[in-house]
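I have placed the structure first, in the form of structure tokens, so that the comments after it can refer back to it.
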Amino acid sequence: MSTIAVIGAGSGLGLAIARTFGHRGFDVALIARTPEKLDIQLDQLGQEGIKAAAFPADVMDRSSLTAALERAAARFGGIDVLEYSPAPHTPVSGLTMVTPSETTVDDLQPQVEYNLYGAVTAARAVLPAMREAGAGTLLFTTGGGSVNPIPMLGNVNAAAAALRNWVLNLHTELSGTGVYAAHVAISTWIGANAPEGFPSAAPEQIAPIYWTLHTERSRPEHIFTG
């Protein structure tokens, strides 16, 4: 049985990705900060016949994230697909949004920790086993601002662009190893209540992209525009 670890497992895109892989025979490891919310997702997946387990961790706490992935690998006998898409849906201390001209190191550092450092930590936790097996998939998600930045997200976009750059470089490095890495940039509002004039898409419309990337294993990036 194959296993996907979903980091940033929320009730929107994370759950949709878990379902997409779970309904295709994957076990699911859910990793996020809040145990109570993870329990709700476990119940939903269980009712659909998907085998899943929760491993609470904070992507800003690198040792916590590494430990969660180690527990998930021990529980399921390994991790075949890693998907990284944490996204705060409520205000998080330190993760403020500022324009490029207003950006300070203090504004940028937490975004780099959240986006880039968390992703690098997650990859390092699973990549050695994938390299040894000669198989594995690493999928990383950012907003569309990693490709086409907008002023109101000056610090957020900079950190996301750093992650994108690293993933594209990782894809090139891993060529021929059997391990595949790719980046997904989502240039739409996910779910309901999008700002007026802003394109939106349901999580269920976006999640199949991850399955396609995993199975086709060719291109280093997908930019979703709806």
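The values are calculated or read from the model by the stated rules, or taken from the named source; none is laboratory data. Fair warning: this is a prediction, and the values are worked out from it, not measured in the lab. Here the Cβ is made from the backbone with ideal geometry for all residues, glycine too, and neighbour counts use every protein chain on show. Side chains are part of the model used for accessible areas, which takes the heavy atoms of the whole protein and leaves out ligands, DNA and RNA. Shrake-Rupley method; radii C 1.70, N 1.55, O 1.52, S 1.80 Å.
Observations on the model:
- Kirkwood Rh in Å, taken over all unlike Cα pairs in the chain: 17.5 Å
- In terms of its Cα atoms, the range 97-180 spans 46, 22, 15 Å along the principal axes, sorted from long to short.
- For the range 1-116, the Stokes-Einstein estimate of translational diffusion at 10 °C and a viscosity of 1.306 mPa s comes to 107 µm²/s, using the Kirkwood hydrodynamic radius over alpha-carbon pairs.
- At a probe radius of 1.4 angstrom, the accessible area of the range 49-196 per residue rounds to 48 square angstrom.
- Cut-off of 10 Å, at most 16 other beta carbons, DSSP loop: longest stretch of the chain lacking such GluC sites (Glu not before Pro): 49-195
- Trypsin sites (Lys or Arg not before Pro), loop per DSSP, at most 16 other Cβ atoms within 10 Å - longest free stretch of the chain: 52-216
- Entry note, the chain: the mean residue ellipticity at 222 nm calculated from DSSP H runs of n ≥ 4, each adding -39500 (n - 2.57), is -13000 deg cm²/dmol after division by the residues and rounding to the nearest 500.
- Relative contact order computed over the chain (Cα-Cα under 8 Å; 6+ residues apart), in percent: 19 percent
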